1. Which residue pairs have Cβ atoms closer than 7 Å, lie 6 or more positions apart in sequence or on different chains, and pair a first residue in the stretch 70-94 that is under 18 Å from Phe31 (Cα atoms) and surrounded by 14 or more Cβ atoms within 10 Å (Cβ to Cβ) with a second residue that is at pLDDT 85 or above and among the small types (Gly, Ala, Ser)?
2. Mind checking which residues of the stretch 26-81 are acidic (Asp, Glu), at pLDDT 85 or above and in a helix (DSSP H, G or I)?
3. Say we look at the stretch 27-36 and pick out the residues that are free of Cβ contacts under 8 Å to residues at least 40 places away in the same chain and either touching a helix residue (DSSP H, G or I) at 6+ places or on another chain (Cβ under 8 Å) or of a type in the set (D, E, K, R) (or both); which of these is farthest from Leu91 (Cα to Cα)?
4. Return yes when Glu150 is in contact with an Asp or Glu (Cβ under 9 Å, 6 or more places away or on another chain) and modelled with pLDDT under 80 and no when it is not.
5. Out of the residues in the stretch 134-149 that are under 28 Å from the mean Cα position of the chain (by Cα) and either touching a residue at least 60 places away in the same chain (Cβ under 8 Å) or surrounded by 12 or more Cβ atoms within 10 Å (Cβ to Cβ) (or both), which is farthest from Ile45 (Cα to Cα)?
6. Pull out all pairs, ordered by first then second residue, where Cβ-Cβ is under 7 Å, the residues are six or more apart or on different chains, the first lies in the stretch 55-66 and is of a type outside the set (A, V, I, L, M, F, W, C), and the second is surrounded by 15 or more Cβ atoms within 10 Å (Cβ to Cβ) and part of a helix (DSSP H, G or I).
7. Report, by residue number, each residue of the stretch 33-53 that is under 14 Å from Asn77 (Cα atoms) and charged (D, E, K, R).
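The values are calculated or read from the model by the stated rules, or taken from the named source; none is laboratory data. Note that the coordinates shown come from a computational prediction; the quantities given were computed from them, not determined experimentally. Neighbour counts run over all protein chains shown; Cβ positions are idealised from the backbone, glycine included.
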Amino acid sequence: MGKGTVLTVDMTEETIRRLKKDDISAVDDLFKYYYPRLYRFSVSIMKIENDIDDILQEVFVKIWLNRQKIYNAETFNSYIFTITKNEVLNLIRSKQKDQSFRDELYLRSVAEEYHTPNPVEYNGIKAGIDKIVENLPEKRKQVFVLSRTEGLSNKEIAQQLNISHV
């Protein structure tokens, strides 16, 4: 499989057959295709690029170790992304006690304009925002919470609240 090749369902089926026959080159083909996608996916969850290579290495080791449990190409995409998500979440859970990791995660997760080195200043700003949000009309409050707290897109919010998307 060449660089930049699109992995079709037929090609994935063939790659999975090779994988189940203990053909290590099948893992290489899957790696070439999935690595960039899994990398971006992992960054979107974790917000930090440190340790992602280790996570993805573990994902492909699990693919190899569990190759006999892979059934078909239609479910493989979900399977590999689920393994990746679980590995990222496991890493986040294991690092939650590490203050420097939490600080880095905070800096990358919160919009630049909300960064403040002073926790007292941050708490004051947050309390002010919370007070303003509390006084919003109910629908606007729901939209704000779904957008800022839940991270939903405008389209997702419109669908959830059954309102028009502008």
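1. That search, which allows pairs on different chains as well, returns Thr84/Ser42; Val88/Ser42.
2. Going through the stretch 26-81, the residues acidic (Asp, Glu) turn out to be 28-29, 49, 51, 53-54, 58, 74.
Within this subset, residues satisfying the condition of being at pLDDT 85 or above are 28-29, 51, 53-54, 58.
Correct list: Asp28, Asp29, Asp53, Asp54, Glu58.
3. At the first step, the residues of the stretch 27-36 found to be free of Cβ contacts under 8 Å to residues at least 40 places away in the same chain are 27-29, 31-33, 35-36.
Of the ones still in play, those that are also either touching a helix residue (DSSP H, G or I) at 6+ places or on another chain (Cβ under 8 Å) or of a type in the set (D, E, K, R) (or both) are 27-29, 31-32, 35.
Working: Val27: 23, Asp28: 24, Asp29: 26, Phe31: 21, Lys32: 23, Tyr35: 18 Å.
Only one residue tops the list, namely Asp29.
4. Numbers: in contact with an Asp or Glu (Cβ under 9 Å, 6 or more places away or on another chain): yes; modelled with pLDDT under 80: yes.
So Glu150 passes the test.
5. If we filter the stretch 134-149 for residues that are under 28 Å from the mean Cα position of the chain (by Cα), which is where we start, we get 140-149.
Still in the running and either touching a residue at least 60 places away in the same chain (Cβ under 8 Å) or surrounded by 12 or more Cβ atoms within 10 Å (Cβ to Cβ) (or both): 141-148.
Values: Lys141: 26, Gln142: 24, Val143: 22, Phe144: 21, Val145: 20, Leu146: 18, Ser147: 17, Arg148: 16 Å.
By that ranking, first place goes to Lys141.
6. Listed by first residue and then by second, the contacts come to Glu58/Glu87; Lys62/Ile83.
7. Arg37, the sole residue that qualifies.
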